[in-house]
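Asker: Shown below is the structure under consideration.
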Amino acid sequence: MAGWLGLFFLGAILLTFGIGLRRLPLLREAVASSTRGGSKALPLIPPGTAEQQDRVALWIGSFAGGEVLDAVAVDFGSDYPRLAYVPRAAIDPSTGEIDIQGRSYRTALPSSRPFALVPEASVFSGSWIWDRLDSMDGASLFPVFAAAGGFLLLAIGFRFLCRITGWPLANALLAAAGLAALVALDAVLSGSAILGRMESLARRLGLPLSGPLLLAAVEGILGLALGAAETGAPRRRRRPLD
Amino acid sequence: MISGRRIFGVAILIDIIAFACFLGYAMAIYSANRIVPAFALKWESVEALHGFLGALAGLQFLGLAMALGSSKGKAEELVQGAIVPAVILSAFLAAGALMAGPQVEATRSGIRWASATFSSSLDAARAGLESGDLERSRAELGVCQAISRQDPRVGELESRLSAAELKVKRASLPQQAPELVQPKEPVAAKDFYLKALTFAEKGDYFSANWYASTAARLDPSYTDARRLAATSWEELHSRGTDPTDRERAAFYSRKLEGYGLLRSGDPVGAYRVFKELADAKHADDPDVRRYLAESLTETEKAAFFKDEVDGAISYFPVPDILFRVPSASGAGRGFGKAMHLDMIAAKDAAWSAGALYFREFEYLEAGGGTPRALVRSPYAKLTDGKILLVCVERDRPSNVYKPSWSVGPVSGPASLLELPLVPENAYRALASRVDPSTLSLVDEWKAVGDAKSYGIDSGPIVDDLLARSALPFAVFTAAALGALAGGRFRRRGAGFPKGLYALAPFMAAALVPVFLISSRIDVLISDWSARIAPGLSSLLLAAGIRTMVLFLAVLLMAGARDVDVAGVD
């Protein structure tokens, strides 16, 4: 029980610190200004290098003022022959496009997609816990703490994996996998279909809960139940060191 | 102290089991609609190897962790004893993966491309047959046959197509080809007539007949020639009661025609004639044999055969070709100086036997804002410094694919381009853009420079180099962390129940999310390095970061001690 409480308080401190930090006006302003950015010019394809976007390749000799000199374009999706050439073409300043033999081609590089450590939760209809907490930045503190608290209780509920087998190495690996499973479970539960069913069940039971609060309650109860089961299970005798 | 043999044994056993699992999975998901059956076993093997090499770091972690985690002894002793075997094993596996990786990737890509080409060509051949476009159907079927002649779908289509071709041939038989009206060439006709006279005087009426007939063809009003042709023909008949004389004369006439074409600088035409003669039961004739070989050699200098293209394209064609012709010094030809521009575009390109083959080839040469040469050819072949633009079907030499010039040529013959291109370098630069992992490390390193001179984006090549250079670091770091985890989380007390080994599949499965997250972090290191230090310097930066991570893992490993505290047990 002491271990469970210790983990709970440690987790609560970390979450409170994280949520508080996110709400610091100074930090919020810094994040907002970095995402706003300035009015950046369109990044143009490097001259002398063929750049392909989808099935259209464009090679530009050089840029001079608002024009390109020597541009060759090939649309590999069109019928043969495909090669088009223009010795000089003006760049449309609003779109960054040039006209080669009656067709427009983009001289701007496509914007690179931001790298995410964890892929988008596209397999679930729900979203990752950190994305949900992000979206609640402007909300009042109560639902934020409720969502974080529910997740924390569910996470501690998974502690049983640390003692599930008689081989500590297997337990360590299963616990690490459990962490991923916990995050995935949370994302699944937050999906509109499952959350909708939970809400209709809550209404039938007369519970005044919906949305993030209901999800937090379900996760909290599930975590507490797992914790209780683990506390009630017989402890394996700890072996001495070799 | 743990023995090295135990570490090697456990790690290699895990590697073998993992490879077997990958092979089983590849066999289970194999589909004949996606991969041509002729490549099935090869495909499954390389798929299994691909998966195995991709998971190598994770397997190394698992192997070391299980070997130490099931051992007896103090943590520090176990970990210290694992250092030498772990280093040897990691070095061996990392080196093996770096060497085998490109071959595996090249084979995978080749099979994938060949299968995709096979499917699309088979569909096109069927569509051509249905719509009555037998020529197109035959061409597409030729591609399929180059990839997998034994495939039952090819055999079935071949018989249907042959039947359709036969039907068309029969239908066209009664129609006589209109006789071509030859322009009058009195001078040449006289030369032929004089030769005919000489042969007639020597009693060689075959030659006399052929030369006289040719003279009469060149100048139909040349009555002497017609007369001589008739008298020499009569002479042949009067002397030879052999009914095969007429056949012999025709054969001789064709032979001379082929010889004339060869000497007049038309090796393709000569090849066509001698190939027809060889196919018409005259393959044993020494002249036919000799001049067929000679015309073949000459044809190969001025043109190339379509089956060469089909064969090359069936194995890993690089699609969507657009590049600048570099100068001999490596930079773009005159680029930035006199605005001289040489660009090559093609539907795809493929490498075979030291040459690079293109389909739907286009070449543009511009100077001072004006196109100076623009040529298009259905097929092209790049050999050292020359791009051949004329393509012939070996079995049906009458089918010749010729270039069409919209502008030019500036200089030289219209059947070829002379450009400072080395096929190997051009292919390396082109292939590295699409699938750099198929190149060896040395070739990939060279490809970065090639890509720049060919006006090709070198970004994907550098990205792949970053990913490949991560492998040795990942394997060594995984080994260190595996040893650390095994030593720290081993089962305490005397004895290790054998039944616990049954947990191994669950441990492997549990490792998957951790491995995936670690791989993403590794990609992140490459991504940041490429953004901070563009080009090849990003390799140094990434190597520096990974060395620090490895150093940290080794420090942790070296500091492993037994601690009797609550935790995972």
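Asker: Looking only at residues in the range B:315-328 that are surrounded by fewer than 20 Cβ atoms within 10 Å (Cβ to Cβ) and more than 14 Å from chain A (Cβ to nearest Cβ), which one is modelled with the highest pLDDT?
Answerer: The selected residue is B:Tyr315.
Asker: For B:Leu541, which of the numbered conditions (1) under 19 Å from B:Ile14 (Cβ atoms); (2) modelled with pLDDT of 90 or more; (3) more than 11 Å from chain A (Cβ to nearest Cβ) fails to hold?
Answerer: It fails just one condition, (1).
Asker: When A:Gln52 is evaluated against the numbered criteria (1) surrounded by 15 or more Cβ atoms within 10 Å (Cβ to Cβ); (2) touching a residue at least 60 places away in the same chain (Cβ under 8 Å), which criterion, by number, is the only one it fails?
Answerer: (2)
Asker: Evaluate the following for B:Arg34: is it within 24 Å of the chain's Cα centre (by Cα), among the basic types (Lys, Arg) and part of a loop (DSSP other than H, G, I, E, B)?
Answerer: So B:Arg34 fits the description; yes.
Asker: I need the full set of residues from the range B:493-505 which are of a type in the set (A, V, I, L, M) and more than 9 Å from chain A (Cβ to nearest Cβ), in order please.
Answerer: Passing the criteria: only B:Ala502.
Asker: Yes or no: the range A:64-86 includes at least one residue that is outside any loop (DSSP other than H, G, I, E, B), at the interface with chain B (Cβ under 9 Å from one of its Cβ atoms), on the phi > 0 side of the Ramachandran plot and at pLDDT 85 or above.
Answerer: Yes, some residue in the range A:64-86 is outside any loop (DSSP other than H, G, I, E, B), at the interface with chain B (Cβ under 9 Å from one of its Cβ atoms), on the phi > 0 side of the Ramachandran plot and at pLDDT 85 or above.
Asker: For the range A:63-97, how many residues are farther than 20 Å from B:Asp320 by Cβ and touching an Asp or Glu at 6+ places or on another chain (Cβ under 7 Å)?
Answerer: So the count comes out to 5.
Asker: Taking helices (runs of 4 or more DSSP H) that fall entirely within the range B:150-234, which contain at least 2 residues that are modelled with pLDDT under 80 and within 18 Å of B:Ala249 (Cβ to Cβ)?
Answerer: On the way: elements: B:152-172, B:186-202, B:205-218.
Passing ranges, in order: B:205-218.
Asker: Looking only at the range A:105-114, filter to residues that are surrounded by 12 or more Cβ atoms within 10 Å (Cβ to Cβ) and either over 22 Å from A:Gly77 (Cα atoms) or of a type outside the set (Val, Ile, Thr) (or both); which one of those is modelled with the lowest pLDDT?
Answerer: Here the answer is A:Leu109.
Asker: Being more than 20 Å from B:Ala414 (Cβ to Cβ), modelled with pLDDT under 80 and away from chain A (no Cβ under 14 Å) is true for just one of B:Ala338, B:Ala312, B:Ala293, B:Ala283. Which residue is that? Step through it out loud before you land on a result.
Answerer: Numbers: B:Ala338 fails: away from chain A (no Cβ under 14 Å); B:Ala312 fails: modelled with pLDDT under 80; B:Ala293 fails: modelled with pLDDT under 80.
Selected residue: B:Ala283, the only one of B:Ala338, B:Ala312, B:Ala293, B:Ala283 that is more than 20 Å from B:Ala414 (Cβ to Cβ), modelled with pLDDT under 80 and away from chain A (no Cβ under 14 Å).
Asker: So, of the residues in the range B:66-82 that are more than 9 Å from every other protein chain (Cβ to nearest Cβ) and closer than 19 Å to B:Leu13 by Cα, which turns out to be surrounded by the fewest Cβ atoms within 10 Å (Cβ to Cβ)?
Answerer: The selected residue is B:Ser71.
Asker: Being assigned to a helix (DSSP H, G or I), in contact (Cβ under 8 Å) with a residue 24 or more places away in the chain and within 14 Å of chain B (Cβ to nearest Cβ) narrows it down to one residue among A:Leu182, A:Leu169, A:Leu173; which is it?
Answerer: A:Leu182
Asker: Only one of B:Gly63, B:Gly24 is modelled with pLDDT of 90 or more and within 14 Å of another protein chain (Cβ to nearest Cβ); which?
Answerer: Unique residue meeting the criteria: B:Gly63.
Asker: Could you tell me whether the range B:83-92 includes any residue that is farther than 30 Å from B:Ser120 by Cα, of a type outside the set (A, V, I, L, M, F, W, C) and modelled with pLDDT under 95?
Answerer: Scanning the range B:83-92, I find at least one residue that is farther than 30 Å from B:Ser120 by Cα, of a type outside the set (A, V, I, L, M, F, W, C) and modelled with pLDDT under 95, so the answer is yes.
Asker: Now for a separate question. Give the range A:154-166 a look and list any residue that's more than 7 Å from chain B (Cβ to nearest Cβ) and either more than 27 Å from B:Gly495 (Cα to Cα) or without any contact (Cβ under 8 Å) to a residue 12 or more places away in the chain (or both), or say none.
Answerer: Those that are more than 7 Å from chain B (Cβ to nearest Cβ) and either more than 27 Å from B:Gly495 (Cα to Cα) or without any contact (Cβ under 8 Å) to a residue 12 or more places away in the chain (or both): A:Leu154, A:Ala155, A:Ile156, A:Gly157, A:Phe158, A:Ile164.
Asker: Have a look at B:Ala508, B:Ala480, B:Ala474, B:Ala470 and point out the one that is under 29 Å from B:Ala91 (Cβ atoms), out of contact with any strand residue (DSSP E or B) (no Cβ under 8 Å at 6 or more places or on another chain), within 13 Å of chain A (Cβ to nearest Cβ) and modelled with pLDDT of 90 or more.
Answerer: B:Ala508
Asker: If you go through the range B:518-537 one residue at a time, how many are more than 23 Å from B:Phe476 (Cα to Cα) and within 10 Å of chain A (Cβ to nearest Cβ)?
Answerer: Within the range B:518-537, residues that are more than 23 Å from B:Phe476 (Cα to Cα) and within 10 Å of chain A (Cβ to nearest Cβ) number 1.
Asker: Just one of A:Arg82, A:Arg88, A:Arg55 is among the charged types (D, E, K, R) and within 12 Å of B:Gly369 (Cβ to Cβ); which is it?
Answerer: A:Arg88
Asker: I want to confirm something. Restricting to the range B:89-107 and keeping residues that are surrounded by 14 or more Cβ atoms within 10 Å (Cβ to Cβ) and more than 26 Å from the chain's Cα centre (by Cα), which single residue is nearest to B:Ala431 (Cα to Cα)?
Answerer: Filtering the range B:89-107 for residues that are surrounded by 14 or more Cβ atoms within 10 Å (Cβ to Cβ) and more than 26 Å from the chain's Cα centre (by Cα), the one nearest to B:Ala431 (Cα to Cα) comes out as B:Ala94.
Asker: Assess whether B:Leu516 counts as being outside any loop (DSSP other than H, G, I, E, B), out of contact with any Gly (no Cβ under 7 Å at 6 or more places or on another chain) and touching a residue at least 60 places away in the same chain (Cβ under 8 Å).
Answerer: no
Asker: For the condition surrounded by 18 or more Cβ atoms within 10 Å (Cβ to Cβ), part of a loop (DSSP other than H, G, I, E, B) and in contact with a helix residue (DSSP H, G or I) (Cβ under 7 Å, 6 or more places away or on another chain), what is the one hit in B:Arg546, B:Arg468, B:Arg490?
Answerer: B:Arg490
Asker: Look through A:Gly191, A:Gly138, A:Gly196, A:Gly206 and report the one residue that is surrounded by fewer than 18 Cβ atoms within 10 Å (Cβ to Cβ) and within 27 Å of B:Val512 (Cα to Cα).
Answerer: Exactly one of A:Gly191, A:Gly138, A:Gly196, A:Gly206 is surrounded by fewer than 18 Cβ atoms within 10 Å (Cβ to Cβ) and within 27 Å of B:Val512 (Cα to Cα), namely A:Gly191.
Asker: Let me ask something else about it. Please state which one of A:Ile91, A:Ile98, A:Ile19, A:Ile45 is surrounded by 15 or more Cβ atoms within 10 Å (Cβ to Cβ) and closer than 22 Å to B:Pro460 by Cβ.
Answerer: Being surrounded by 15 or more Cβ atoms within 10 Å (Cβ to Cβ) and closer than 22 Å to B:Pro460 by Cβ holds for just one of A:Ile91, A:Ile98, A:Ile19, A:Ile45, which is A:Ile45.
Asker: Moving on. Test B:Ser411 against the criterion of being out of contact with any Gly (no Cβ under 8 Å at 6 or more places or on another chain), more than 14 Å from B:Ala302 (Cα to Cα) and either outside any loop (DSSP other than H, G, I, E, B) or hydroxyl-bearing (Ser, Thr, Tyr) (or both), and give yes or no.
Answerer: Here the answer is yes, as B:Ser411 does meet what is asked.
The values are calculated or read from the model by the stated rules, or taken from the named source; none is laboratory data. What you see is a predicted model; the values in this text were computed from it and never measured. Virtual Cβ from ideal backbone geometry, glycine too; neighbours counted across all protein chains shown.
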